[in-house]
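Below is one structure; the comments refer to it alone.
The values are calculated or read from the model by the stated rules, or taken from the named source; none is laboratory data. What you are looking at is a predicted structure, and each value in this text was computed from that prediction instead of being measured. FYI the Cβ positions are ideal-geometry reconstructions off the backbone, even for glycines, and counts take in every protein chain you see. These area figures cover heavy atoms from the full protein model, side chains too; ligands, DNA and RNA do not enter into them. Shrake-Rupley method; radii C 1.70, N 1.55, O 1.52, S 1.80 Å.
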Amino acid sequence: MGHQRLRICPLICLPSSVSRGMDCGALRMDWNLLQRYLEQMGSPKLFDRWPSTAWTRGHRRVFDRRNFTLGPPAKLLPGLGLVVLSMVLAACGPDSQTQRIQDPRPNVLFISVDTIRADHLSAYGYGRETSPFLSGLARDGVQVQAAYAPSATTGPTHASVFTAQPPMAHGVRKNGQPLPENEKTLAERLSEIGFETGAVVSSYVLSDRFGYGQGFDSFDDDFSKSKTPVGSTLWEGETIEERFYGRADDTTDRALRWLDERSDEAAPFFLFVHYYDPHDPYVPPENFTPPFAPGRKESLKLNRTIYLYDWLIAYTDQQIGRLLEGLDLAGLAEDTLVIVTGDHGEGLMTHGHMFHGVHVYEEAVKVPLILRWPGHLPQGLKVEGPFPLVELAPALLELIGDSPNGPLASAGSASRLLGRGESADEEIPIFLYRRHYADPKEGDGPTAPRGEKFGVRLGGWKLIVGPAEGTLELYGLVDDPLEQINLASEEPERVARLSALIDAWRLEHERNVIEPAPVLQQDRERLKALGYVE
Ligand SMILES: [Zn+2]
């Protein structure tokens, strides 16, 4: 906390090259005291200049809050000296901040949480208080009640969200397959139109070696200092000790560092942050205790596991809160479009599977989606949806005033995201993709997955077909939200209509029909250690 506050002082308007690494102790200040100090220094003109061109919108707001108080007197003078020096430099130096003021586009902070099942967040009505910070974010912005990940697997979903295409179009049909260079990603587009782009990820699955770094000026997939178990991997006859995932506190630290050190403060930024903690093996952190206790039923193994899962969601929520606080303290919150979502849910035995990947039932693909952009998006708006995450990047670009060509082009996505226009559930099908399984032994649980599965939701109905497995499932989500009663044999016409939609969707997008590429041996071992059985 202290660190966050003291960063504000040198950040006021020093060029980042000067302010970086500067530490002015426990300095906190009150605007009135600063004003008196400046008058004593005979520098009223410097003060008069504020808050005009030399100040960024964000920094000015920090001062508007007047939330500074003076620290120990011994630290006062050097600290205020820095402020004055900052003002002089800002008055004399190149006025990059002015350019930022004239740029109406917001910064974008895009947070994805791995394995976060929407109905396990208190923000979505869950009984345990797992997400107080996300509830607060939802109160300040827009919350989509039914957001759908395009798949229940990390790699394919992230690739789909970044490219606005389904997995069979971009070709990442399962983890470990690289996102092709020629696919245009959200980060590439934002970089093209002048955003400084950075990413902080927390799992080997999303590391740069699989192509997820496309379009990012800075891509931080180094979680080697995180307090997570060290993996032991056999690779070409050698044992390699390496971490496979990072903890949320480390991820937040790295993201805050990126915000502090970004090189171009005149440009808006796009920061992608990926948290991983709710993913199995459900090892809770030592430095966080959830605000709820295990119930008596927690003695049962499944309930104990769910308790640990909820614990990890609450921990991640707390760390998202810390990241948002850092954004606020840096004076950037007002100018930043924040998006929080997930890549997929978790089985938790709702359909006999503990983890994810094997199914596209609701628990596996319904994820949170919350957006905040003060003054630009409504406050406290709840949108029923459903909304597909594959449309999120086009919606985002449309919201910030960009109109690209190709798959990232928006065709009303922003309106749907905000619940305007036509009823998505009646008119717009939501398509789902179950990752490819070459070997039935790869899956967890009672069924033997083979090949791919395809799903569509339309008008409160959901059809799931598994051509290689020979399965056909139809559910009426209004009466049967847990998808327990397969109505496929009773509703042949509806099945035919929805099947035709899936066929047309596949025909349109299935341009990458090659058998999934083999995964490198060392990657195979690491994915195995992560629980992605391969
Ligand atoms: Zn995932």
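Contact map, region 449-464: residues that are at positive phi paired with residues that are open to solvent by 30 Å² or more (accessible area, probe 1.4 Å) and outside any strand (DSSP E or B), Cβ distance under 6 Å, separation 6+ or inter-chain. Pairs shown: 451/468; 459/426; 460/478. Filtered by the rule that a residue be open to solvent by 10 Å² or more (accessible area, probe 1.4 Å), in a helix (DSSP H, G or I) and among the aliphatic types (A, V, I, L, M), region 276-332 gives 302, 306, 308, 324, 329. Taking the conditions exactly as written (farther than 25 Å from residue 247 by Cβ and either free of Cβ contacts under 8 Å to residues at least 12 places away in the same chain or within 16 Å of the ligand (Cβ to nearest atom) (or both)), does residue 173 satisfy them or not? Criteria met by residue 173.
When you look at residue 264, is it at negative phi, modelled with pLDDT of 95 or more and more than 16 Å from the ligand (Cβ to nearest atom), yes or no?
No; evaluated as a whole, the condition is false for this residue.
Checked against the criterion of being more than 18 Å from residue 183 (Cβ to Cβ), polar (S, T, N, Q) and more than 19 Å from the chain's Cα centre (by Cα), the candidates 413, 403 yield just one match: 403.
When 159, 187, 164 are screened for being surrounded by 20 or more Cβ atoms within 10 Å (Cβ to Cβ), within 16 Å of the ligand (Cβ to nearest atom) and among the aliphatic types (A, V, I, L, M), only 159 passes.
Name the residue, out of 331, 321, 342, that is within 14 Å of the ligand (Cβ to nearest atom), at pLDDT 95 or above and of a type in the set (Gly, Ala, Ser).
Result of the check over 331, 321, 342: 342.
Can you pull out every residue in region 136-156 that is away from the ligand (no atom under 16 Å from the Cβ) and in a helix (DSSP H, G or I)? Selection gives 136, 137, 138, 139, 140. Checking each residue in region 190-211 for being within 14 Å of the ligand (Cβ to nearest atom) and not in a helix (DSSP H, G or I) picks out 201, 202, 203, 207.
Quick test for you: out of 169, 149, pick the one residue that is under 21 Å from residue 118 (Cα atoms) and in contact with a helix residue (DSSP H, G or I) (Cβ under 6 Å, 6 or more places away or on another chain). I'd like the intermediate steps shown before the answer.
Details: 169 fails: under 21 Å from residue 118 (Cα atoms).
Unique residue meeting the criteria: 149.
Contact map, region 333-344: first residue open to solvent by 10 Å² or more (accessible area, probe 1.4 Å), second residue within 16 Å of the ligand (Cβ to nearest atom) and polar (S, T, N, Q), Cβ cut-off under 6 Å, separation 6 or more or different chains; the map is empty. Check whether at least one residue in region 127-135 is touching a Ser or Thr at 6+ places or on another chain (Cβ under 8 Å) and either without any contact (Cβ under 8 Å) to a residue 40 or more places away in the chain or within 16 Å of the ligand (Cβ to nearest atom) (or both), and report yes or no. Scanning region 127-135, I find at least one residue that is touching a Ser or Thr at 6+ places or on another chain (Cβ under 8 Å) and either without any contact (Cβ under 8 Å) to a residue 40 or more places away in the chain or within 16 Å of the ligand (Cβ to nearest atom) (or both), so the answer is yes. With the checklist (1) open to solvent by less than 10 Å² (accessible area, probe 1.4 Å); (2) in contact (Cβ under 8 Å) with a residue 60 or more places away in the chain in hand, flag the one item residue 193 doesn't pass. The number of the failed condition is (1).
Restricting to region 349-362, what's the tally of residues that are crowded, with 19+ Cβ neighbours inside 10 Å and either in a loop (DSSP other than H, G, I, E, B) or within 16 Å of the ligand (Cβ to nearest atom) (or both)?
Of the residues in region 349-362, 9 are crowded, with 19+ Cβ neighbours inside 10 Å and either in a loop (DSSP other than H, G, I, E, B) or within 16 Å of the ligand (Cβ to nearest atom) (or both).
If you go through region 363-384 and pick out every residue that is assigned to a loop (DSSP other than H, G, I, E, B) and under 19 Å from the mean Cα position of the chain (by Cα), you end up with 3.
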